[in-house]
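Note sheet for the following structure.
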Amino acid sequence: MVAAGIFSSDDDLSVQLREAGAKAGEKLWPLPLYEEYKDKIKSEVADMKNTGGRQGGVGTSAVFLQEFTSYPWAHLDIAPMALSSTSGPYTPKRNGLWRATLVEFLRARVSSKA
């Protein structure tokens, strides 16, 4: 693994996070929010399921979030990186994955408001 997936409802937010990741040395890969993901979380007894099952993957997680927000959001799929069995510059076996990206993102937000 060399990058984490990023889903976002807002292109500007996605770009800002990817720029922060590049500055921090942590790569983010933009992924699409396909409408077909919604089919995976349909339910016979509820409005929707909170999982698409083993075949649903991260796309269904992002679409699930999308159903409950009315503001710009982003979902970073860092689980594959956290579960990596190898260690290296882009697959660190440590806690705090993407911490540097989020710090850079917040620094940029604060400096843009100043």
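Every number in this text was worked out from the coordinates using simple rules, so none of it is lab data. Everything numeric here is computed off the predicted structure, so don't read it as measured data. For neighbour counting, all protein chains shown are included, and Cβ atoms are generated from backbone atoms with ideal geometry for every residue, glycine included.
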For GLY5, list long-range residues whose amide hydrogen, built 1.01 Å from N in the peptide plane, is under 5 Å from its own amide hydrogen.
-> TRP29, ASP77
Which percent of Cα-Cα pairs in the stretch 27-76 sits in each 5 Å bin, short to long?
-> 4, 21, 30, 24, 13, 5, 1, 0
Among 12-24, 66-78, what's the highest-first ranking by average C-beta atoms within 10 angstrom per residue?
-> 12-24, 66-78
May I ask you to derive the FRET efficiency for LEU13 and ASP39 from their Cβ-Cβ distance with R0 = 25 Å, giving the value to the nearest 0.05?
-> 0.45
